[in-house]
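What follows is a set of notes on a single structure, which appears directly below.
The values are calculated or read from the model by the stated rules, or taken from the named source; none is laboratory data. The model shown is predicted, which means the values in this text are computed figures rather than measured ones. Because the Cβ atoms are built from the backbone with ideal geometry, glycine has one as well, and the counts that use them run over all protein chains shown.
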Amino acid sequence: MVKNQQFVVIGLGRFGSSLALELMDLGYEVLGVDRNEEVVEDMSSFLTHAVVADATDEEMLRSLGIRNFDCGIVAIGDDIQMSILATILLKEMGMRQVVAKAISVLHGRALEKLGVDRVIFPERDMGIRVAHQLVTPNLLDYIELSKDYSIVELAVPEVLDGRTIGEVNAHSRFGCSIVALQKPEGCITAPTSMDVMNTNDIMVVIGSNGSIYDFEASIVKEEEPS
C-alpha cells in the first residue's frame, strides 16, 4: 500500500477508532468523522483530522473534500440505515475504494449490492478466529482467505524442535506450505527446505482448511505420549 494514501473513517466507535488509530500508526493520514462531539474531541489529538459531521449530509461531506480521499471506511455499526446512506454517498461521489462494516448478513448483502469494495464483519470474523484458536492448541492466528483456504500462524511445538522444513515436508504430506518462519531474530520469508525450526519460532502456513487441519492434527498426534 502506498504511504501517501489518505483514509476517511466514518463512525468512530470501538471498531472505527481502533482501525483509524492503527492506520495512523502505520503512517497514513486519517480523517475521522462522527456525529458525537465528545468522541471527535477525544480522537482529534490522535488523528490527522477529526470532525463532527452527519455522514448522510452530502453537502457537508463535499465540503470536507471526501471525494479526494483514496479510501472511505463506513464503520457505523448501530444504525444500518445511516450506514447504507453514507455508503451510497461515498459511491456517488466517486471515491476510489469504499469499505464498510456490517452487523448482519442482510446488512452485508445490502452493502455488496451497493458496490462496496469490501464488507467487514468484525464480530463474526473475531468469533471465527477465537473458535479456531480454542480447538487448535498450537494456533496463534487465523486468517480466512476464502471459504476453503486460510493462512495460519502455528507455534512450533517441541516435537518439531530442531527439524528442517524439508524433514517436516508439509507440502508433499499434507498439501499445505510453510511460507514464512518467524524467529526471535527476524522473519524468514520463503524459507528453504534446509531452514531449521525451533520451539520459540512461529510457522506461517497457507493451504486448504483440510490440509492445514491434517498438518496440525499430525503434530498433536506426535506430541501425545505413546
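A Cβ distance below 8 Å, combined with a sequence gap of six or more or placement on separate chains, defines the contacts here; from the stretch 43-65, residues that are more than 22 Å from SER18 (Cα to Cα) reach residues that are of a type outside the set (A, V, I, L, M) in the pairs MET60/ASP54.
Quick check, is ALA53 closer than 23 Å to GLY108 by Cβ, surrounded by 15 or more Cβ atoms within 10 Å (Cβ to Cβ) and of a type in the set (Gly, Ala, Ser)?
On the way: closer than 23 Å to GLY108 by Cβ: no; surrounded by 15 or more Cβ atoms within 10 Å (Cβ to Cβ): yes; of a type in the set (Gly, Ala, Ser): yes.
It is false that ALA53 is closer than 23 Å to GLY108 by Cβ, surrounded by 15 or more Cβ atoms within 10 Å (Cβ to Cβ) and of a type in the set (Gly, Ala, Ser).
Scanning the stretch 18-46 for residues that are within 20 Å of the chain's Cα centre (by Cα) and outside any strand (DSSP E or B) turns up SER18, LEU19, ALA20, LEU21, GLU22, LEU23, MET24, ASP25, LEU26, GLY27, TYR28. Against the test of being among the acidic types (Asp, Glu), crowded, with 16+ Cβ neighbours inside 10 Å and farther than 21 Å from LEU111 by Cα, the options GLU22, GLU38, GLU29 yield a single qualifying residue, GLU29. Summed over the stretch 195-220, residues that are among the β-branched types (Val, Ile, Thr) and either on the phi > 0 side of the Ramachandran plot or more than 21 Å from the chain's Cα centre (by Cα) (or both) total 4. State yes or no: is VAL116 buried (at least 19 other Cβ atoms within 10 Å of the Cβ), outside the structural domain of LEU154 (by TED's automatic domain parsing), under 22 Å from the mean Cα position of the chain (by Cα) and assigned to a loop (DSSP other than H, G, I, E, B)? Considered against the rule, which asks whether it is buried (at least 19 other Cβ atoms within 10 Å of the Cβ), outside the structural domain of LEU154 (by TED's automatic domain parsing), under 22 Å from the mean Cα position of the chain (by Cα) and assigned to a loop (DSSP other than H, G, I, E, B), VAL116 comes out as yes. Before we move on, is VAL204 crowded, with 17+ Cβ neighbours inside 10 Å, in the same structural domain as ILE143 (by TED's automatic domain parsing), touching a residue at least 12 places away in the same chain (Cβ under 8 Å) and not in a helix (DSSP H, G or I)? Yes: the conditions hold for VAL204.
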